[in-house]
Amino acid sequence: MQELSAQAWAFIVETYKDDPLALLGSALGLWGAVVSTILAVLKWREWCRDRHRIETGFSYAGDEEVGNRVYIRNLSSRQFIITYWEVFAAHGKFWRRGYTPLGFAGLEHWDDMPIAAYSGKVLTFQGEYHFGLSDKFLKGRKVYIAVHLAGMRPETQRLYPMPSERSIGAFCRAFAFKLRFGRGRDKNAL
């Protein structure tokens, strides 16, 4: 190891012996590259920490009086505001994909829903708003929620059936769905 560093030092001395300012310029350039890389890594970590992260969950109840529940959780350190949401069943494949609305925030009955940092809200579908998840009703469709956040693009996440964490197919289908409908990022499926 010492022999290698001695050879490297000899190479540096031989290269820059006629022009010491070039050595200073190279040292400053190397120092600038190291500092800017460290600052970029710190900025990236800050961005990952502060970005909006949403987790959704689903609880199915066959009884209309109890109702289905959709859980929306804010996993980030900042509050965000949900301006609109929609639950729908998607059917078809890729560019022939369509959807059937199951529930949405009606504009006449909807106010913005703020969700504080590290907390959540529950959407309950009871009575006339209850929807079933039987094979006869779904017919191979999957249930999604599209959450529209103030100042951001909509975020779509699958509610039922839950995507497999290890499935490459789930990744590809979620990516194709995003391309088709252009709805935000999906951290769980991608």
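Tabulated values for the structure
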{"item": "Integer Hz, Karplus 6.51/-1.76/1.60 couplings in order for region 144-159, x for Gly and Pro", "result": "10, 10, 10, 10, 9, 9, 4, x, 9, 6, x, 10, 10, 9, 7, 9"}
{"item": "In order through region 131-141: 3J(HN,Hα) via Karplus (6.51 cos²θ - 1.76 cosθ + 1.60), integer Hz, x for Gly, Pro", "result": "10, x, 10, 6, 4, 5, 6, 6, 6, x, 7"}
{"item": "Additional length obtainable on full extension of the chain from Tyr16 to Asp50, 0.36 nm per residue less Cα span", "result": "7.7 nm"}
{"item": "Check: region 1-143 dipole with +1 on Lys, Arg Cβ and -1 on Asp, Glu Cβ, in debye", "result": "500"}
{"item": "Listed peptides 29-38, 81-90, 119-128 by packing density, highest first (mean Cβ within 10 Å)", "result": "81-90, 119-128, 29-38"}
{"item": "Calculated FRET value between Val41 and Glu3, using beta carbons and R₀ = 41 Å, to 0.05", "result": "0.80"}
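Laboratory data are not the source of any read-out in this text; all were calculated from the coordinates shown. Quick caveat: nothing in here was measured; it's all calculated off a predicted structure. Virtual Cβ from ideal backbone geometry, glycine too; neighbours counted across all protein chains shown.
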